[in-house]
Amino acid sequence: MTEPAKAVFLSYASQDADAARRICDALRAACIEVWFDQSELRGGDAWDQSIRRQIKTCALFIPIVSRHTHERAEGYFRLEWKLAVDRSHLIMANKAFLLPVVIDDTGNDDEHVPEKFREVQWTQLPNGETPAAFVERVKRLLSGEASTAVRAPARPGVQKAPASAWSRRAFLIGVLVAGAAGYLAIERPWVSKPAVLAAFAPPPHSIAVLPFVNMSGNKEQEYFSDGLTEELLNSLAEINELQVAARTSAFSFKGKDTDIGTIARKLNVGAVLEGSVRRSGNTVRVTTQLINAVTGFHLWSHTYDRDLGDVLKLETEIASDVASALKVSLLGDVVTKIEVGGTHNPAAFDAYLRARRLSRSATGAKDVLKAIAGFTEAVRLDPTFALAFAWRSLDYSNLGAGEAAAEMTSQEILERQEADAREAIRLAPELTEGYDALGRAALRALDFTQAREAFERALALAPGNTATLVMSSYFLDDMGQFDAAISAARRAVTLDPLNVNSHGALGVALYVARRYREAIAPFADASSLHPESPDLHVFSGSAHYMLGDLESAKSSCEHNPDYWLNQWCLAMVYDKLGRRTDAEGELAKVKSALGDSAAYQYAAIYAQWGDRAKALEWLGTAMRLRDGGLDALKTDPLMDPLRQEPRFQAIMEELKFPD
């Protein structure tokens, strides 16, 4: 497409098209260029490319706010708003870039509106009627002059959300795969007079490590170049003064022709490390180069030729060289910290990297068992390889009850999971992954005191480890430490902005804290990163359900009607809509598929239906089976109708939740 750059971008919900048209016509009558999209391109690839280009080059972004934008948690205008907010953070005097307009009585306390929009004053144009004063104001903004606006009145009478909710336990059952990269690449915008962009100012000593290119001439060696990159990334993360973009976000650019400046801005880092790996037998050549993402200049480059048995020293040497180039002080015994839990055995290291690759690509129990077999081979070759023990434990935690029944019982899975975690810690007492694995094993065993100790130790050892932050956030949710849970999740989003799990954890943390309206946005962000995930439609539906927006909840939960989690959600939504027969039908589908293994979820449904006797009966079954969902019992909003019941309180006592 070759559209000319526009001075003004007009963003609106489809229901507000008539009002948007009035505003557009008034501006165009004054010879102001306006991007006003009414084409059939919305949502397609061509639309996506065009919208990104227009938002990154427009001089003024005008979001039209109304009850329709309040009611719709999804829609293309939401993506436009997100892109504009992302860009506004990088523009000097960014209040002159955003000019929100409200066309009805919606107030700027509306939590559906991005916080960045609520930081600036709004202009009220009822039904899109546009006076000459507003047109003149736009002209002044385009010319760079300062101006003021009339703040829209707050909307009166906002109702409180109902107490009904859904169990976040469902979020932990599905396996979410990180996907899609972010959107905005910042360039100098077109304006009537040149506008000024703030200098790109990422956090000091921040870096992203891009996947090293496999130069071995054999695609089967991809696991090795990717694995070595990840190990190096983890090594850099051990340096206290460095802020390192997490793996999922950094690896989202693999195979894409994205320039370094764009990558740096999307990940908000000041430096980018890239390189290549060439392996021949037990020898490896690694070529690296470090780029200043702000200036575009190379800071440092080097080639390393090593034996695979020296891979730990190689990681340490590269990390130290990068730190030196970035003028970062290496505090304490960083070398020892980087090498903790590793191996000097080339064959064990190779088996470990292969198992890690299998683990990351696993789509079911069979794949997980293959990864476990790989880690078993690694520890056979090197019985002191603590990292392999830790990751084998973590993979055991990914086996759900009954998934590996042909191989081992649920109790056997738990025993192996805990034994491997403890062995990893015995071999390497400072190994973060060991404590992370022990925390997950303890949580599965409903030993909350031990889980708390393990997760606290893991966070203390590696406060920048995204996986630990996410899992700790879930645990803190369960324990009722809502502020800490939200903080951990927000930190994960900062370090891993393109990881669906980070956004999902933030949504869950806000949801459990009863901040239902705020939870919608991170769930939408997660869905944009992984649109194929069936779980995410339920997450969006759950937020609407708790807000009492049953039609939106129904629409989301009906998206994949053959999936048990959607059926579980619909059993509650249909009941609230007065469709009890349909609700009972959905519950019957879940029971037919899962039997007693979803006892906790059945208790939640009956609690929401108002059948306390059956809800308590199913909670008793969950206790007998040691159902993993019980770790949510302390804070699950769905269980609120039962909290005054003596039987419920007895179960809480038996579970021994820490204060």
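Only the coordinates and a few stated rules stand behind these numbers; no lab work does. Because the structure is a prediction, the values reported are computed rather than measured. Counting neighbours? That spans all protein chains shown, and the Cβs are built from the backbone with ideal geometry, glycine included.
Sum up the charges of everything whose Cβ sits under 15 Å from the Cβ of Val311, counting Lys and Arg as +1 and Asp and Glu as -1, but leave Val311 out.
Details: positive: Arg278, Arg279, Arg285, Arg306, Lys313, Arg354, Arg356; negative: Asp226, Glu230, Glu231, Asp305, Asp307, Asp310, Glu315, Glu317, Glu339, Asp350, Asp382.
Around Val311, the surrounding residues sum to -4.
Here the residues Val508, Val85, Val368, ranked from fewest to most Cβ neighbours within 10 Å of their Cβ, fall in the order Val85, Val368, Val508. In plain terms, the chain from Ser361 to Glu558 could stretch by 68.1 nm, reckoned as 0.36 nm per residue minus the Cα-Cα distance.
The alpha-carbon atoms of the stretch 484-641 define a convex hull whose volume equals 108 cubic angstrom per residue.
Relative contact order for the stretch 463-525 using alpha-carbon pairs under 8 Å, separation at least 6, rounded to a whole percent?
Once divided by the residue count of the stretch 463-525, the mean separation gives 30 percent.
Taking only alpha carbon atoms, the stretch 578-659 gives an Rg to Rh ratio of 0.97, where Rh is the Kirkwood radius. Building the convex hull from the alpha-carbon atoms of the stretch 357-487 and averaging its projection over directions returns 7.8 nm². Treating each Cα of the stretch 206-339 as an identical point scatterer and summing with the Debye formula, the log10 of I(q)/I(0) at q = 0.14, 0.18, 0.20 Å⁻¹ comes to -0.59, -0.99, -1.22. Distance between the pseudo-spin-label points of Ala613 and Asp596 (7 Å out from Cα toward the beta carbon): 2.1 nm.
Among 628-637, 24-33, 449-458, how do they line up from the highest to the lowest mean number of other beta-carbon atoms within 10 Å?
Numbers: 628-637: 22.9, 24-33: 15.6, 449-458: 19.9.
The densest-packed peptide leads the list: 628-637, 449-458, 24-33.
Peptides 574-580, 598-604 ranked from most to least packed, by the mean per-residue count of other Cβ atoms within 10 Å: 598-604, 574-580.
Across the stretch 533-659, the mean sequence separation of Cα contacts (distance under 8 Å, 6 or more residues apart), normalised by length, yields a relative contact order of 15 percent. Per-residue Cβ neighbour counts within 10 Å put Leu381, Leu638 in the sequence Leu381, Leu638, beginning with the fewest. Note on the stretch 463-525: Cα Rg divided by 2.2 N^0.38 Å, N the number of residues, gives 0.95.
Ranked by the mean number of other Cβ atoms within 10 Å of their residues, highest first, the peptides 614-620, 490-496, 120-126 come out as 490-496, 614-620, 120-126.
Placing unit charges on the Cβ atoms of the charged side chains and taking the dipole of the stretch 206-339 about its Cα centre, the candidate lying farthest along the positive direction among Ser206, Leu314, Phe224 is Ser206. Extent of the stretch 228-300 along its three principal axes (Cα atoms, max minus min coordinate, largest first): 38, 30, 24 Å.
Would you mind ranking Thr384, Thr295 by Cβ crowding within 10 Å, fewest neighbours first?
Working: Thr384 16, Thr295 11.
Fewest to most other Cβ atoms nearby, the residues stand as Thr295, Thr384.
One decimal place: the segment Asn282-Lys254 gains 7.5 nm when fully extended, by the rule 0.36 nm per residue minus the C-alpha distance.
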